[in-house]
1. Looking only at residues in the range A:146-186 that are of a type in the set (Lys, Arg) and within 18 Å of the chain's Cα centre (by Cα), which one is surrounded by the fewest Cβ atoms within 10 Å (Cβ to Cβ)?
2. Would you please list the contacts, defined by Cβ atoms under 6 Å and residues six or more apart or on different chains, that run from a residue in the range B:188-204 that is without any contact (Cβ under 8 Å) to a residue 60 or more places away in the chain to a residue that is among the polar types (S, T, N, Q) and in a helix (DSSP H, G or I)?
3. Mind counting the residues in the range B:150-183 that are over 20 Å from the mean Cα position of the chain (by Cα) and β-branched (Val, Ile, Thr)?
4. Condition (residue is within 26 Å of the chain's Cα centre (by Cα) and either closer than 30 Å to B:Asp250 by Cβ or surrounded by fewer than 18 Cβ atoms within 10 Å (Cβ to Cβ) (or both)) applied to the range B:221-228: is it met by at least one residue?
5. Taking the conditions exactly as written (under 30 Å from B:Tyr112 (Cβ atoms) and in the same structural domain as B:Asp257 (by TED's automatic domain parsing)), does B:Ser333 satisfy them or not?
6. Taking the range B:343-364 as the region of interest, how many residues are within 14 Å of another protein chain (Cβ to nearest Cβ), outside any helix (DSSP H, G or I) and in contact (Cβ under 8 Å) with a residue 60 or more places away in the chain?
7. Test A:Asn237 against the stated conditions and say whether it is without any contact (Cβ under 8 Å) to a residue 12 or more places away in the chain and either of a type in the set (Lys, Arg) or more than 14 Å from every other protein chain (Cβ to nearest Cβ) (or both).
8. Quick one: would you say B:Asp340 is crowded, with 21+ Cβ neighbours inside 10 Å and in a helix (DSSP H, G or I)?
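The values are calculated or read from the model by the stated rules, or taken from the named source; none is laboratory data. Everything numeric in this text was worked out from a predicted model, so none of it was measured. In this analysis, Cβ positions are derived from the backbone assuming ideal geometry, glycine residues included, and neighbour counts consider all displayed protein chains.
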Amino acid sequence: MITEKLDRSKKPIPGAPRDVKFPGYFEATLPNGINVIVIKDEKFPIVSARFVFKAGSFFDGEKYGISSFTSEMLTKGTQSRSALEIAELVDYHGAFLSSGCDFDATFVSCYSLKKYFEKIFDITSEVILRPAFAEDEINRLREQKINSIISYKDEGDYLASRIYKKNIYHKLPYSKPLEGTESILNSLQKNDLENFYNTNYKPDNLIIAFVGDIDEARAVQLVEEKFGSFTGEFVNNTVAEDEHLNPEKKVYIVKKSGAVQSSLKVGHLAFKRNIPDYIPASVMNTLLGGSFTSRINKNLREVNGFTYGARSFFDWKKYSGDFAVETEVGNSFTAPAVKEMLFEINKMKNEFVSDEELTSVKNYLTGNFPLQLETPNAIASKVISLKIYDIEKDYYNTYISKVNAVTKQDINDVAMKYLHPEKVTIAVGGNPDEIQKDMMQFGDVEVFDDVE
Amino acid sequence: MPKNLNIKPNIIRYKSEDFPRVAQKALAIEEMTMANGMRAVFYKTDNIPSVCINVTYHVGSKDDEERSGMAHLFEHLMFEGSPNIPHGEFDAILHDLGGDSNAYTSWDVTSYYITIPSNSLEVALWLDSDRLAGFAVTSEMLEIQKDVITEERKFVFDNTPYGSVEEESNLRLFKNSGYRNSILGNMSILRKFNINDIKDHFEKYYAPNNAVIALAGSFDMEEAKALVEKYYGGIPVGKPFTRREFSEYDIVEEIKDTVYDNIQLPAKFIFYRVPAEGTKDYYALQILSSILSKGESSLLNKKLVYDLTLANEVDTSVTGMEQTSIFGINAISLKGRNLDIIGTAIDEILDEIQNGNIKEELIEKVKNNIETRTALRKSSIVTLAEKLSFDKLIFDDANRINTEIYCFLSITKKDIIEAANKYLKKNQRVVLDYLPK
């Protein structure tokens, strides 16, 4: 019952925040080097297993696309079961099985109700240890992957991202399309896939993470049973080539027919994931363009109405990384939007952030942190990423205190160190006829009909 | 005259005793109704020290009438400011507390959520309730959001491959009801709205008796109920209004059209009007949809993607709505394949089903999958809060989070065959071929 009228002008005062701890988990290493992780959670009768080989498209060499092709072929038949038999078995149990890769790792994931899990684990082990790489399945997947590339090229952000990566990563493998190209995909043969598989899928670069309603001892036992005789050693022969910032601003436009918006990606080379100032850099980016209330989104969306949304981020990878601002704006707003992005990046370098902004961003990041630990699967992803990127084990335990320790000076230091507005690559997927002239104010403009 | 169909859809309900095979624990839901008619649902889980607040209003794009795009525009404006929250401060205050927020508009509802650390629950309720308690939109806020939506429309509709398909199909499926409305709206109409138009919408639909609030997460139950009462209980009841009754013309002949888009791979889209969400036929068709396209061994995937290599991807869906639903099939072709051959292959599979040729094991397989999906869905407070408020608002039954699974599990082979024969008729459908410009 309302006894007195509520005074809505008074903002209530929050209570004391509750402590957040990163949950503990079980970990063991088998004699052959397989790293087993178990995050037990009995709330729901579901178990998942994630298999992660710490090798991905970075090791493609000249045959780029091969890591992605090899990883997707795993579920397309084993020495004893056809692709269709695998799919039927998994689907029948209401389970899930998929495989793929990114630049730094290859993933095979499965999950099912607890009552079916051991069957699903069994079939997943088989696809990892005894893939068939059958010719007819290679040809079928080849055509699908080529068609996927064709359809990606209908999307402005794909075009912008491709020309951007090509021009900032230069000789690093991160400059190449992970999915490959039509001509490379057409040239790949069964023995190429087998070679990639034999070189990169090794027990000593394999993590198996179990999540859900399973005992630690049973999980280890399952791995021993299926993977105990898996042997070999992973040798990393790839040297990260010299990386360098581009000397000046330059504009690249890839033509997207009929575009009414420009997909923009503006940025430059930054640094790899495992650096000491990762946290201050993340805090700085959250303020700059990493949330809805960030300066870049506020400027481009809420003040200027140029876009439905704009964001910036550090794309940190294992051996390198980049910083970029991304957005989609109406054709006539393309150059004005780039100007505003550069204005905000420069401001971040030239002025200290205010106390209010700094407090607010810290509260935002630490307050949102529990939501990132909501499900055991989300926790497993975090543990796995620590391992892929060789990050210290207590990273998440110390996350909140490290965020809270960031100072205005730290923010300015990382802005000075990692932001280079005078050297940005301005990549656009869009309509050159309507934007090219306007974009010349930023530097040389090159227009392409297509991009690899 | 259009015919009245399913004005009050016949919603099916089940009890857990009928289905001993499902070993999922029921979530303990608490509810209350305040004096002003606003309903509240609570689910406490102490997994993480956060709460999600979802407030869903019973107004969507189907209620737009001549004000095209109004429900969605209003959703944007709800973040811009309210009597005690200055322009631009809503999200800033939330972020400052470690919270976040978002919203969506469908044809039936406009739904808002906030996530917040538990210690700031009261501040979040204060923030959210202020925008229901009073109107403070200015023309400055309105004009900027018109610009933002102009870009949103370009982004999701004009500049995205096949992005126009939802609007193109709904215009053909629905001739009379508000389900033909574009959610983003017609920009030339939306551009002309003034503050009074916005205020009308607010006064008519943004009333406590037209909304449900749900809290899911870590909180003290009695304290949370008292806080909801404190911030929402005193908001005055809205004026009564009558919603336009749902009526539609029957589709008696296949509607077939070609749309030219900035794409390289031709695609075929097929749509049927089917019964409302919550009806028995809706669940039968949901299961059929999974039989057709869920997993690599599903019927359409196996035939079109795997055996005949005609399509690069195939999918089906049942878009559930309050007074009707849409059954959709889409197939994006592989380069060089013929859309007519793809259409014939799809029809062959549908004919088989209509003739009664479905293996029981295919139904069993979908039911296994639904058990897995249902369990996974309960692990996110954002998803939970959204489902609790939606189900309470539309079905007056928040406990569907626990019981809806039985609606699926009760479906038999006979139900599926009957629904397929009744609703997936060739002469009742819309077929759109998307071709490169």
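1. A:Lys166
2. Note: pairs meeting the criteria are B:Ile195/B:Ser139.
3. 2
4. Within the range B:221-228, none of the residues are within 26 Å of the chain's Cα centre (by Cα) and either closer than 30 Å to B:Asp250 by Cβ or surrounded by fewer than 18 Cβ atoms within 10 Å (Cβ to Cβ) (or both).
5. Against the criterion (under 30 Å from B:Tyr112 (Cβ atoms) and in the same structural domain as B:Asp257 (by TED's automatic domain parsing)), B:Ser333 does not qualify.
6. 0
7. Yes; evaluated as a whole, the condition is true for this residue.
8. Against the criterion (crowded, with 21+ Cβ neighbours inside 10 Å and in a helix (DSSP H, G or I)), B:Asp340 does not qualify.
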